Amino acid sequence: MTLLTVDNLRTTFRTDDGPVCAVDGVSLTVGAGKVLGIVGESGSGKSALSLSIMGLLPESATVEGSIRLGEQELVGLSKHDLRALRGSEVAMIFQDPMTCLNPVLTIGWQLVEAVRLHQQVSRREARKLAIDGLAAVGIPSPEDRLRTYPHELSGGMRQRVMIAMALLNRPRLLIADEPTTALDVTTQAQILELMRDLRREVDAAIVLITHDLGVVAEVCDEVAVMYAGRIVERAPVDELFAQPQHPYTWGLLASLPGRSRTGQRLHQIPGAPPSLLSPPPGCRFAPRCALVLDACRTDPAPSLAPVGAGGSQVACLLDQSTRDREGARYAAGEESA
Amino acid sequence: MIRFLIRRILGGAFVVLVVTLAVFVLFGPVLTWKSNITPARLYAGKSPTAKDIEQVKTLLGLDQPYYVQYAYGLRRLVLGPSQDERDRVCPGSTAEECDQLLGRFGSSFAKQRSVDSLIAARFPVTLSLAIVSALIWLLISIPIGVLSAIRPRSLGDRMATVFVLIGQSLPVYYIGLLAIYFLSYRLGLFPLSGYESFAITNPWPWLSHLLLPALVLALAFAALYVRITRSQMLDTLSEDYVRTARAKGASEPRVVVRHALRNAMLPIVTMFGLDLGLLLGGAILIEVTFGLQGLGALAVEAAKRLDVPTTAGIVLFSAILIVAANIVVDLVCASLDPRIRLE
């Protein structure tokens with residue numbers, strides 16, 4: 001069952017230099033109980049996309065298109081109605097647990113607040129729910145933790161608290177914006193493990209935003225690769241790693257450290273992402289693409305089209321045989337172009 | 001908490017000690033060395049003979065080496081005047097009479113009174129002015145600062161900026177004179193000048209005398225505090241935890257008051273404590289403009305008359321107040337921010 005449907009979403013920021021279109025015509029769907037990974041480098045519009053869904057964009061931003069949660073349209077919803085959804089139907093986990101909890105309030109206060117903003121329960125019941133929530137994310141002696149302040153907890157513990165807080169009201173959609181980026185590697189693994197476990201339990205749709213393909217491989221069912229505000233490839237996670245279709249995806253895969261390339265320099269995609277103030281015409285990856293065709297540099301940009309039987313979609317003008325041939329090289333992980 | 005307090009108090013005592021040394025050196029050896037003004041000569045009255053001066057020197061202990069004088073001064077500051085000194089300076093008078101003449105901060109030559117009693121007479125005026133004024137400026141500036149941070153560049157924010165500019169660029173004596181002329185003289189809303197003591201049965205005379213000077217003083221401070229509150233709030237509102245609060249579905253007033261304001265208050269509290277400490281040492285311009293007989297006015301008077309012990313006493317007293325204000329600020333900050341207790 002499809003829970004989240006994003007259709008042709010455009011998020012534009014007004015800036016002093018002109019409008020910046022951070023999300024440019026993105027469409028995607030996530031089913032209940034599924035995890036969609038959104039991958040892309042910094043500035044590709046991942047976070048703008050998630051904040052658009054949450055309705056947390058600054059006032060300088062405008063959102064066009066459609067975001068539906070179940071049957072409910074979120075774009076154009078009143079501030080009041082959006083606020084009622086935030087934290088209850090839609091919850092979010094942020095990147096840096098060090099700065100995302102209020103330093104001057106106790107963990108207990110912040111958790112109880114999260115409950116009581118959406119549930120008509122007594123303080124005592126809210127406290128009970130908070131303790132259960134902390135226990136569910138594997139925090140030892142949760143009752144004592146309620147009295148502590150964020151600075152008294154480690155980064156991993158804080159992220160667990162954030163996750164517990166997000167799940168307190170049993171959201172239908174959980175957006176996790178790089179939840180492991182700010183953590184050290186062992187803690188990352190624990191948090192990912194926790195998210196995998198929770199995913200089975202809470203039956204929420206999860207949108208996991210990351211720039212780490214390793215994380216995607218671990219947790220996601222489906223992946224959308226974003227580049228410069230657009231989705232360039234969408235695929236079930238196995239397909240993406242087995243038969244990557246888009247040259248940008250190849251670049252991302254090639255830049256992963258792998259066992260077979262020990263001792264070599266990691267691959268780097270030449271060039272830099274385009275300025276979103278004046279994006280290049282046609283495919284936005286064209287200026288950095290090794291296999292670029294003349295047609296790639298002219299509008300309209302290629303749109304997502306299905307490839308193969310695996311359910312992948314790609315926005316690329318290369319012919320299928322080239323993509324299969326090149327993609328296979330990167331999938332095997334032997335090539336550093 | 002107790003250890004924190006003890007450590008801060010010991011630190012404060014050390015600062016005061018350093019200040020006493022600086023005050024002693026500046027108002028003692030340095031002053032005598034660079035000018036003809038010796039304390040004994042000032043004390044001895046008009047055109048004294050050399051013998052008079054010698055007598056006074058012995059009386060006040062000024063014939064002793066400097067380090068002995070300093071040690072006596074310090075002892076007097078901590079323990080009060082010694083019996084020996086009482087016997088020397090005011091023989092035959094009762095303890096109460098002697099207290100008028102001798103005190104921890106020394107004695108004024110010009111007034112033949114202890115600096116303690118002079119400060120005690122003036123301090124209530126300054127204290128009242130500082131408290132009433134501080135209340136006014138906090139009540140004005142924090143709401144305005146918060147509101148303009150919530151809607152930066154809005155009409156209200158721009159008006160607040162104009163207010164800040166006016167408050168900061170017009171000197172208090174100018175606004176003060178205008179206020180006296182229009183509000184007190186032309187409209188008769190307030191007394192022209194002076195001070196009434198506080199009475200719990202009828203505080204109105206006290207308040208009516210203080211209101212205008214406090215308001216004018218508050219205007220200057222409010223301008224500064226609006227600016228700080230605004231910038232602190234703007235910073236805090238862009239913090240990640242504020243976004244978390246919004247993501248939880250907290251309403252905007254809740255986000256601002258419960259999540260942002262307390263974090264934004266810390267630097268404001270720090271500055272407020274220091275400003276209040278400074279003000280308690282006397283608000284010279286305001287006191288002179290409004291004819292309030294406070295510490296600031298006393299300091300000006302004393303400086304004009306070369307009343308060295310009074311001037312030095314007020315400097316020392318103000319320094320103690322500022323140190324005390326700092327300790328209170330630390331305590332308030334620790335109660336606002338749990339992270340401070342550990343440090």
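The values are calculated or read from the model by the stated rules, or taken from the named source; none is laboratory data. For clarity, every value in this text was computed on a predicted model and none was experimentally measured. Because the Cβ atoms are built from the backbone with ideal geometry, glycine has one as well, and the counts that use them run over all protein chains shown. The area values use the complete protein model at the heavy-atom level, side chains included, leaving out ligands, DNA and RNA. Shrake-Rupley method; radii C 1.70, N 1.55, O 1.52, S 1.80 Å.
Observations on the model:
- Counting only protein heavy atoms and a probe of 1.4 Å, the accessible surface of chain A is 50% carbon and sulfur.
- Think of it as helices only: each DSSP H run of n ≥ 4 in chain B is worth -39500 (n - 2.57), and spread over all residues that comes to -23000 deg cm²/dmol at 222 nm.
- Two-site label geometry, B:Thr270 and A:Ser122: point separation in nm, points 7 Å out along Cα→Cβ: 4.3
- Considering only B:Thr289, A:Val292, B:Leu321, the residue lying farthest towards the positive end of the dipole of the protein assembly as shown is B:Thr289, judged by Cα position with unit charges set on Cβ.
- Viscosity 0.890 mPa s, 25 °C: Kirkwood-radius Stokes-Einstein D of chain B over Cα pairs, µm²/s: 106
- Cysteines, chain B, no other Cys beta-carbon under 4.7 Å: B:Cys333
- Exercise: per-residue mean of other protein chain Cβ atoms within 10 Å, B:246-259: 6
- For the range A:2-220, with +1 on Lys and Arg beta carbons and -1 on Asp and Glu, the positive-most of A:Phe13, A:Ser88, A:Gln72 along the dipole: A:Ser88
- Of the residues in the range A:72-110, those shielded by at least 50 Å² of accessible area once partner protein chains are present, compared with the chain alone at a 1.4 Å probe, are A:Arg83, A:Phe94, A:Thr99, A:Asn102, A:Pro103, A:Val104, A:Trp109.
- Magnitude of the charge dipole for the range A:2-220, about its Cα centre and with charges confined to Cβ atoms of Lys, Arg (+1) and Asp, Glu (-1), is about 780 debye.
- For chain A, the alpha-carbon radius of gyration amounts to 1.03 times the rule-of-thumb value 2.2 N^0.38 Å expected for a compact globular protein.
- Taking every DSSP helix (H) stretch of at least 4 residues in chain A, weighting each as -39,500 (n - 2.57) and dividing the sum by the residue count yields a mean residue ellipticity at 222 nm of -10000 deg cm²/dmol.
- If R0 is 45 Å, the Cβ-Cβ spacing of B:Met1 and B:Gln64 corresponds to a FRET efficiency of close to 0.55.
- A full extension of the chain between A:Asn8 and A:Gln190 corresponds to an added length of 62.0 nm, given 0.36 nm per residue minus the alpha carbon distance.
- Extent along principal axes [Cα atoms of the protein assembly as shown; Å; largest to smallest]: 117, 61, 55
- Between A:His118, A:His80, A:His151, the residue with the greatest mean-square fluctuation in the GNM of chain A (Cα pairs under 10 Å linked by springs) is A:His80.
- Span-like helix criteria (full DSSP H runs; alpha carbon extent of at least 24 Å along the helix axis; mean Kyte-Doolittle hydropathy of at least -0.5) are satisfied in chain B by B:2-25, B:115-150, B:204-237, B:262-280, B:308-336.
- Cα shape, the range A:1-149, gyration tensor, a/c 1.5 rule: prolate
- Other-chain or far-sequence residues with amide H under 5 Å of A:Gly25's (modelled H): A:Leu9, A:Arg10, A:Thr11
- Inter-probe distance in nm under a simple model that places probes 7 Å from Cα toward Cβ, at A:Asp197 and B:Lys51: 10.0
- Pairs of Cα atoms farther than 22 Å apart, the range B:130-258, %: 49
- Over the range A:224-336, volume per residue of the alpha carbon convex hull, in Å³: 95
- Residues considered: A:Ala286, A:Ala176, A:Ala228. Largest GNM mean-square fluctuation over chain A, using C-alpha springs under 10 Å, is found at A:Ala286.
- Label-to-label distance for A:Asp132 and B:Lys304 is 7.7 nm, based on points extended 7 Å past Cα in the beta-carbon direction.
- Rounded to the nearest 20 debye, dipole of the range A:224-336 from Cβ charges on Lys, Arg, Asp, Glu: 340
- Difference of contour (0.36 nm per residue) and Cα-Cα distance, A:Trp109 to A:Val75: 9.1 nm
- Three-way shape call for the range B:170-238 based on the alpha-carbon gyration tensor, with the a/c threshold at 1.5: oblate
- Folded to 0 to 90 degrees: helix A:185-202 orientation relative to chain A principal axis, Cα: 80
- Probe 1.4 Å, accessible area per residue of the range B:117-342, Å²: 45
- Pairwise FRET efficiency - B:Val78 versus B:Ile166, Cβ, R0 = 45 Å, nearest 0.05: 0.45
- Gyration tensor verdict on the range B:2-115 (Cα atoms; rounded if a/c is under 1.5, prolate if a/b is larger than b/c, oblate otherwise): oblate
- The magnitude of the dipole of the range B:117-342, with charges of +1 and -1 set on the Cβ of Lys/Arg and Asp/Glu and taken from the Cα centre, is near 680 debye.
- Cβ-Cβ FRET estimate between A:Thr148 and B:Ala120, R0 fixed at 51 Å, reported to 0.05: 0.60
- Take each residue in B:233-244, count the other chain C-beta atoms within 10 Å of its C-beta, and the mean is 4.
- Computed over chain B with a Gaussian network model linking Cα atoms closer than 10 Å, the most mobile of B:Ala218, B:Ala50, B:Ala302 is B:Ala50.
- Inter-part distance, the range A:195-265 to the range B:197-254, computed on C-alpha centroids, equals 50 Å.
- The residue among B:Ser231, B:Met271, B:Thr244 whose Cα reaches farthest toward the positive pole of the charge dipole of the range B:218-301, with charges on the beta-carbon of Lys, Arg, Asp and Glu, is B:Thr244.
- In degrees, nearest ten, helix A:320-332 long axis to first principal axis of chain A (Cα): 50
- Leaving ligands and nucleic acids aside, the B/A contact buries around 2200 square angstrom of accessible area in total at a 1.4 Å probe radius.
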